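Written out below as structure tokens is the structure these notes cover.
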Amino acid sequence: MSFPLSRRRVFSGGLLAALAICAVLDVPAARAEDLSRATLTVVGQGEASAAPDMASLSTGVVTVAKTAEDALAGNSKSVADVIAALQATGIEPKDLVTSGFSIQPQYVYPQQGQREAPRLTGYEVRNTVNVKVRDLSTLGGLLDKLVQAGANQVSGMSFALQDPRAIEQQARLAAMADAKAQAQSLADAAGLRLVRIRRISPQPDMGPVAAAPMMMKADARAVPIQAGETTARAQITIVYDAEPR
């Protein structure tokens with residue numbers, strides 16, 4: 001059956017209008033269904049540990065002499081001996097970095113009430129090197145050799161993994177499992193059913209490094225070292241859609 005052009009236009013326009021009305025009616029229904037769902041937010045914590053395989057420390061020499069030239073000469077010789085001792089134990093040049101150098105005049109100041117000017121007594125030279133030790137079995141002996149070579153400062157010792165990615169991944173998986181377990185437990189207690197995950201927000205990985213500062217003495221021998229464990233920590237926030245059972 002055929003219709004005149006004008007009637008076909010009216011029919012077509014009416015069909016489009018009906019479809020538009022249906023679409024408008026469907027939107028509030030979908031929104032109402034979405035709003036009827038509760039959201040459940042949980043924060044999962046996870047950690048993983050492993051024995052460290054690398055140590056970092058700072059070592060150096062402090063030298064005091066009457067003149068700046070003498071202080072610098074004595075300090076330079078001692079630092080050269082320290083670096084040679086480090087390299088003799090297998091430390092590569094890439095793992096040695098000068099982190100501080102200074103020359104400072106030393107004064108004796110008059111007591112309160114005296115009008116004397118400060119008196120120059122000499123000069124102090126400090127030279128500090130940061131060291132990475134990639135073979136922990138050599139660390140105790142290395143500290144002993146440093147002191148024998150002339151180092152009179154060792155500080156900022158810390159332990160880490162050369163490649164921490166494995167335990168960081170383990171920590172993230174543990175945090176995810178913890179978040180899921182929390183969500184299921186809370187949903188069961190509230191009489192809810194978890195529908196889907198709406199959002200996952202991992203936080204930056206947290207891996208604290210324990211430091212053990214120390215000051216070496218000239219007669220130190222066979223320094224005992226306890227490396228402990230390196231721990232990676234992770235935190236993940238998960239938002240679930242939930243609905244009544």
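Report yes if some residue within the range 175-188 is under 30 Å from residue 66 (Cα atoms), modelled with pLDDT of 95 or more and touching a Leu at 6+ places or on another chain (Cβ under 9 Å); otherwise report no. Within the range 175-188, not a single residue is under 30 Å from residue 66 (Cα atoms), modelled with pLDDT of 95 or more and touching a Leu at 6+ places or on another chain (Cβ under 9 Å).
Residues are listed down the side, and each one gets a yes or a no for (1) under 21 Å from residue 153 (Cα atoms); (2) more than 38 Å from the chain's Cα centre (by Cα); (3) modelled with pLDDT of 95 or more:
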| residue | (1), (2), (3) |
| --- | --- |
| 63 | yes, no, yes |
| 78 | yes, no, yes |
| 88 | yes, no, no |
| 102 | yes, no, yes |
| 112 | no, yes, no |
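Out of the residues in the range 114-148 that are more than 29 Å from the chain's Cα centre (by Cα) and in a strand (DSSP E or B), which is surrounded by the most Cβ atoms within 10 Å (Cβ to Cβ)? Checked the range 114-148; the qualifying residue surrounded by the most Cβ atoms within 10 Å (Cβ to Cβ) is 125. The condition of being surrounded by fewer than 17 Cβ atoms within 10 Å (Cβ to Cβ) and either in contact (Cβ under 8 Å) with a residue 12 or more places away in the chain or assigned by TED's automatic domain parsing to the domain that holds residue 75 (or both) holds for only one of 189, 177, 151, that being 177. Once the range 154-168 is narrowed to residues that are in contact (Cβ under 8 Å) with a residue 60 or more places away in the chain and under 30 Å from residue 201 (Cα atoms), the residue that is surrounded by the fewest Cβ atoms within 10 Å (Cβ to Cβ) is 162. Report whether or not residue 216 is at pLDDT below 95, out of contact with any Pro (no Cβ under 6 Å at 6 or more places or on another chain) and in the same structural domain as residue 46 (by TED's automatic domain parsing). Spelling it out, it is not the case that residue 216 is at pLDDT below 95, out of contact with any Pro (no Cβ under 6 Å at 6 or more places or on another chain) and in the same structural domain as residue 46 (by TED's automatic domain parsing). Here the condition is being free of Cβ contacts under 8 Å to residues at least 24 places away in the same chain and under 30 Å from residue 53 (Cα atoms); of 110, 93, 118, it holds for 93 alone. Out of curiosity, is residue 140 at positive phi, out of contact with any His (no Cβ under 9 Å at 6 or more places or on another chain) and assigned by TED's automatic domain parsing to the domain that holds residue 74? Taking the combined requirement at face value, the residue does not satisfy it.
Annotation for the range 88-102: at least one member residue is within 18 Å of residue 149 (Cα to Cα), loosely packed, with under 11 Cβ neighbours inside 10 Å, in the same structural domain as residue 141 (by TED's automatic domain parsing) and of a type outside the set (Val, Ile, Thr).
The values are calculated or read from the model by the stated rules, or taken from the named source; none is laboratory data. Everything quoted here is computed from the prediction, not taken from an experiment. Cβ atoms come from the backbone with ideal geometry, glycine included; neighbour counts cover every protein chain shown.
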